[in-house]
Amino acid sequence: MITNIQKFFGKARKYISTNILFITFIITSVINGILVRGATVGTPLDIKPLLADLVLVMVLGAFAYFIKPKYRYIYFILMSILLSGICMINAIYYKNYLSFASISLLTTLSELGGYTDAVFENILQWKDFIYIWQIFAVTFIHLQLRKRDYYEKLGEVEQPKIRFLNTIVVTLILLGFFISMLTSTDISRLKKQWNREYVVMEFGIYVYQFNDVITCARTKLNSMFGYDEAAKAFREYYAEVPEETPYKNKYTGILKDKNVIVIHAESIQNFLISDDLRDGKPAEFNGIEVTPTLNKLAREGIYFSNFYSQESAGTSSDTEFTFNTSLMPATNGTVFVS
């Protein structure tokens with residue numbers, strides 16, 4: 001019994017001593033995942049997202065075994081830059097929008113134009129860069145190992161293919177344990193990627209981001225190669241819909257032959273507008289009525305204060321799409337992008 005225990009600890013020591021950079025990458029990545037969840041959704045030590053982060057970074061780290069030991073630092077530092085960047089971007093985005101970033105947003109970066117100075121002055125703070133500690137940690141460990149001729153010695157004793165397979169086997173075991181904890185709701189929300197906060201809470205920041213990339217790529221591919229089929233289904237559907245609906249109510253036709261002026265105001269909420277249907281008391285700030293013209297329009301015209309917001313992940317752009325087309329937005333992603 002004692003001999004078996006000694007053999008186990010001997011193998012464990014040997015594994016750790018010959019996988020120092022790999023283990024450093026795994027630990028620092030998981031810690032960053034914990035930090036970003038703590039700063040956003042407030043579940044830093046939940047087991048499910050922790051396992052999900054661990055599984056994904058182990059898969060990423062395992063591919064380093066196909067690279068010669070002396071070049072693995074380059075791979076690990078590139079992966080560290082990628083993962084710490086994911087954490088930093090999402091932490092900043094959540095701080096300002098209470099949601100998480102999507103790869104589809106990269107297509108709109110050109111719209112910043114001359115506002116980049118405002119982004120750095122008003123949004124970015126020094127604490128937002130805490131996640132890049134991973135890059136320095138991996139670099140520091142690499143420099144220490146290089147001083148000890150670690151990589152030359154490692155090349156003499158390592159069996160990379162066996163190491164890779166062993167890592168994948170352990171990852172699959174952890175993955176199986178993680179999957180056993182999932183519910184149908186978890187899987188559905190991961191697939192739809194609509195409730196981003198929930199996905200990060202249950203699957204971790206890395207799984208969320210990589211799933212977002214896959215979702216956006218799938219949407220792009222569908223739009224590139226599935227246009228003819230989608231257009232055919234669209235035409236057939238509207239060919240069967242009658243041109244005039246028989247449904248009528250008291251508002252039907254009241255604007256016929258009238259000019260319609262539309263004001264689309266972003267983030268205007270009901271509490272700002274006070275109409276006679278509610279208490280009739282206008283919202284004020286320092287004794288000044290906040291929305292006097294809108295209040296007048298509400299009193300003299302038709303005002304709908306009880307409605308369901310028809311928007312998906314695209315938020316503001318979804319409302320613009322729905323208003324201008326009378327169509328519902330996409331259930332996945334942003335309809336203007338996809």
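The values are calculated or read from the model by the stated rules, or taken from the named source; none is laboratory data. Keep in mind that this is a model prediction, so the values were computed, not measured. Every residue, glycine as well, gets a Cβ built from its backbone with ideal geometry; the counts of neighbours run over all protein chains shown. The accessibility values were calculated without ligands, DNA or RNA, using every heavy atom of the protein model including side chains. Shrake-Rupley method; radii C 1.70, N 1.55, O 1.52, S 1.80 Å.
Here are the numbers for the structure shown:
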{"item": "Among the candidates Ile23, Ile81, residue that is free of Cβ contacts under 8 Å to residues at least 40 places away in the same chain, open to solvent by 20 Å² or more (accessible area, probe 1.4 Å), in a helix (DSSP H, G or I) and in contact with a helix residue (DSSP H, G or I) (Cβ under 9 Å, 6 or more places away or on another chain)", "result": "Ile23"}
{"item": "Selected residue (only one of Thr322, Thr293 is in a helix (DSSP H, G or I), at pLDDT 85 or above and within 30 Å of Val199 (Cα to Cα))", "result": "Thr322"}
{"item": "Unique match (being part of a loop (DSSP other than H, G, I, E, B), at pLDDT below 85, of a type in the set (Ser, Thr, Tyr) and open to solvent by less than 60 Å² (accessible area, probe 1.4 Å)) among Ser223, Ser274", "result": "Ser274"}
{"item": "Residue within region 226-242 that is modelled with pLDDT of 80 or more, in a helix (DSSP H, G or I), of a type in the set (Ser, Thr, Tyr) and exposed (fewer than 14 other Cβ atoms within 10 Å of the Cβ) present", "result": "yes"}
{"item": "Flag if Lys68 is open to solvent by 20 Å² or more (accessible area, probe 1.4 Å), in contact (Cβ under 8 Å) with a residue 40 or more places away in the chain and under 25 Å from Thr18 (Cα atoms)", "result": "yes"}
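Yes/no matrix, rows are residues, columns are (1) closer than 20 Å to Lys153 by Cα; (2) part of a helix (DSSP H, G or I):
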| residue | (1), (2) |
| --- | --- |
| Leu35 | no, yes |
| Gly38 | no, yes |
| Gly42 | no, no |
| Leu60 | no, yes |
| Arg72 | yes, yes |
| Phe76 | yes, yes |
